[in-house]
Amino acid sequence: MKLSQIVDHCSLKEVVFLSDEDIKNGYCGDLMSDVIAHADNESIWVTVQAHKNSIAVALIKDIKAIIFTNDVEISQELKEKAKEEKINLFKSEKNSFQICGLLYQLLEGKYYQD
Amino acid sequence: MTILHSRQKLTLANELIYELKVKDAMTREVIYFSEDATFREIQMAMKNNRISGVPILDEKRNVIGMVSIDNVITALDHDYVNEKVREYMTRDVITIPQNFSLVSAIKKFEKYKFGRLPVTENSHSKRIVGILTMGDILNLLLLSIQTIAEKVEEKEDRNSQISEQLIEKTQEKPLRFEVKKADFDNAGRVASIIRTYLQRLNIDQKTTRRVAIVCYEAEMNISIHSLGGYISVTLEQNNIIITAVDYGPGIPDIDEAMKPGFTTASEQIRALGFGAGMGLPNIKKCADQLELESSMETGTILKAVIRIGG
């Protein structure tokens, strides 16, 4: 699933959009150690933790994109760091539960035809 | 030396025929004739070049016919070998576009039993750009498999061990990073530097990630719970060793600290997403060997050993 398709489907606001990565997995969590322990590699991460440390966690796990929910404020510093480390950032006024619902449909949902 | 099992080999070849294109395998120098050539001329060319069929092209290099060795033999039999091929050649030529995958070419060879297929510019064109035989396909497959095997071998050599030279170099100048108390903004810095460093050394991704996780959690622990400290990373031939040292105040009960979910972090720190009580359990999960020593007087020393490729 292309990142741009996810952005469209979830109506995300682009904060730092550098490359249209292929996304296969998703994870949601606000505890850094939990994300480090359980997120799949190369996934998209849904969180409210908008600080520089989130970029460090994303790097370790090869997370390609972060969605900040609840319309949290994103500092200029965080944007700069994301650009430097090539991590895509998005935000949404929706909460994590709602975003995950939409993501799940896209990444895991099975549509049966006929 | 890497030994590929026959089943794997087959899968690899199967994958390759889907990936590789006709234009990768085809011969670009084509021996061809116009429809004014005689069977005799073509027979001579076949003999000299050891080929069993030639395409017949018009002045724009479009494929208009094919003459095979069978056609030549028939011409000899019926005594028109000195006549022009125009009246006799096969006009119903099966061609293949250069951008098609090899699998479609193989299917055509199987279906029509031809020895060679003229390759065209694209599916709307009859203009020739090359010629393809099963031999060309097999050659390219063998070459690709050999290249892949060499790469795998090279990678294994590089990944499973760190050279003596490099070990000496890091022993002279160890990788050591200060970690300050409550410096959450910079936390993750050590993990990030080490990660890049190991990537440059061509250490495999899984090992690199395990080292990065240990560094990250150790770094967070020092900055959340201690007065400050440092992390050092040393290399051995088959191991990467991470040592995290802090200047106190020490862990009162190590067994308790190792339990998932146990935390002494403040509300403020937890609001940032740290102090989930999973740091030490995460380290334990990633390390092949873990030593943890703590004294209420001098502080805590954590030593994690990670086997490369383990």
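Computed extension length for residue B:295-residue B:239: 17.5 nm, one decimal, from 0.36 nm per residue of separation with the Cα-Cα distance subtracted. Among the listed pairs A:13/B:206; B:23/B:108; A:24/A:79, a Cα-Cα separation exceeding 21 Å is found for A:13/B:206; A:24/A:79. Computed from backbone phi with θ = phi - 60° and the Karplus coefficients 6.51, -1.76 and 1.60, the 3J(HN,Hα) list for the stretch B:179-188 is 10, 8, 5, 6, 9, 5, 5, 8, 4, x Hz; x is used for glycine and proline.
Across all Cα atoms of the protein assembly as shown, the radius of gyration (one decimal) and Dmax (whole number) stand at 32.0, 108 Å. Each of B:216, B:94, B:254 was placed along the dipole of chain B (beta-carbon charges, centred on the mean Cα), and the one lying farthest toward the positive end is B:94. Per residue of A:61-72, other chain Cβ atoms within 10 Å of the residue Cβ number 1 on average.
Specify whether the C-alpha gyration tensor of the stretch B:38-78 places it in the rounded, prolate or oblate class, a ≥ b ≥ c being the square roots of the eigenvalues: rounded for a/c under 1.5, otherwise prolate if a/b is larger than b/c and oblate if not. In terms of gyration-tensor shape, prolate.
Could you tell me the relative contact order of chain B? Use alpha-carbon pairs under 8 Å, at least six residues apart, and round to a whole percent. If you can, show how the numbers build up before the last one.
On the way: 534 pairs, mean separation 43.3, N = 310.
Over chain B, the number comes to 14 percent.
Put a plus charge on the Cβ of each Lys and Arg, a minus charge on the Cβ of each Asp and Glu, and nothing anywhere else: the dipole of the stretch B:2-141 about its Cα centre is then about 500 debye. Solvent-free Debye calculation, one equal scatterer per alpha-carbon of chain B: log10 I(q)/I(0) at 0.08, 0.15, 0.16 Å⁻¹ equals -0.60, -1.07, -1.16.
Of interest is the spacing of the C-alpha centroids, which for the stretch A:37-114 and the stretch B:210-274 amounts to 25 Å. Across the stretch B:2-141, the relative contact order, built from alpha-carbon pairs under 8 Å that are at least six residues apart, equals 31 percent. Of the listed pairs B:47/B:84; A:61/B:285; A:64/B:285, which have alpha-carbon separations greater than 20 Å here? In this structure, A:64/B:285 exceed 20 Å between Cα atoms.
GNM remark for chain B: springs join alpha carbons under 10 Å apart, and the peak mean-square fluctuation among B:111, B:180, B:284 falls on B:111.
Only one residue of A:38, A:16, B:72 has its Cα farthest out toward the positive end of the dipole of the protein assembly as shown, where Lys and Arg carry +1 and Asp and Glu -1 on Cβ, and that residue is B:72. Projected over all directions and averaged, the alpha-carbon convex hull of the stretch B:2-141 occupies 9.6 nm².
In summary, the aspartates and glutamates within cross-link reach of residue A:94, defined as a Cα separation below 13 angstrom excluding same-chain residues under 8 places away, comprise A:71.
Please compute the length gained on full extension between residue B:104 and residue B:227, using 0.36 nm multiplied by the number of residues separating them and subtracting their Cα-Cα distance.
On the way: separation 123, 0.36 × 123 = 44.28 nm, distance 6.72 nm.
Residue separation times 0.36 nm, minus the Cα-Cα distance, leaves 37.6 nm.
Over the C-alpha trace of the stretch A:1-56, radius of gyration and Dmax come out as 11.6, 30 angstrom.
In the context of the full protein assembly, residue B:83 retains an accessible surface of approximately 80 Å², using a probe radius of 1.4 Å and ignoring ligands and nucleic acids.
In what order, largest first, do A:38, B:78, B:124 sit by accessible area if the probe radius is 1.4 Å?
Numbers: A:38 95, B:78 120, B:124 170 Å².
Final ranking, largest accessible area leading: B:124, B:78, A:38.
Per-residue packing, averaged as other Cβ atoms within 10 Å, sorts the ranges B:17-25, A:14-22 into the order B:17-25, A:14-22, beginning with the highest.
Computed over chain B, the per-residue total of -39500 (n - 2.57) for DSSP H runs of n ≥ 4 gives a 222 nm mean residue ellipticity of -13500 deg cm²/dmol, rounded to 500.
Counting only Cβ charges, +1 for Lys and Arg and -1 for Asp and Glu, the dipole size of chain B around its Cα centre is about 740 debye. The mean number of partner chain beta-carbon atoms within 10 angstrom of a residue's beta-carbon across peptide B:201-209 is 1.
Provide the gained length on full extension for the span residue B:165 to residue B:288, in nm with one decimal, where the gain is 0.36 nm per separating residue minus the Cα-Cα distance. Don't jump to the answer; show the numbers that get you there.
On the way: separation 123, 0.36 × 123 = 44.28 nm, distance 2.45 nm.
Contour length minus the Cα-Cα distance gives 41.8 nm.
Run the dipole for the protein assembly as shown about the Cα centre, Lys and Arg Cβ at +1, Asp and Glu Cβ at -1, nothing else charged, and hand back the magnitude in debye, nearest 20.
Values: 53 positive and 61 negative charges, 185 e Å.
The dipole magnitude comes to about 900 debye.
Can you give the % of DSSP beta bridges in chain A that are antiparallel, to the nearest 5?
Numbers: 4 of 16 bridges.
Here the share of antiparallel DSSP bridges comes out near 25 percent.
Can you compute the label reach from residue A:19? Point 7 Å from Cα along the Cβ direction, backbone N cut-off under 20 Å, restricted to the stretch B:198-225. Those under the cut-off are B:198-206, B:208-209. Within the listed set B:195, B:28, B:209, the Gaussian network model of chain B (springs between alpha-carbon atoms below 10 Å) gives the highest mean-square fluctuation for B:28. The relative contact order of chain A, computed from alpha carbon pairs under 8 Å that lie at least 6 residues apart in sequence, is 30 percent.
The values are calculated or read from the model by the stated rules, or taken from the named source; none is laboratory data. Everything quoted here is computed from the prediction, not taken from an experiment. Cβ atoms come from the backbone with ideal geometry, glycine included; neighbour counts cover every protein chain shown. SASA here: full protein model, heavy atoms, side chains in, ligands and nucleic acids out. Shrake-Rupley method; radii C 1.70, N 1.55, O 1.52, S 1.80 Å.
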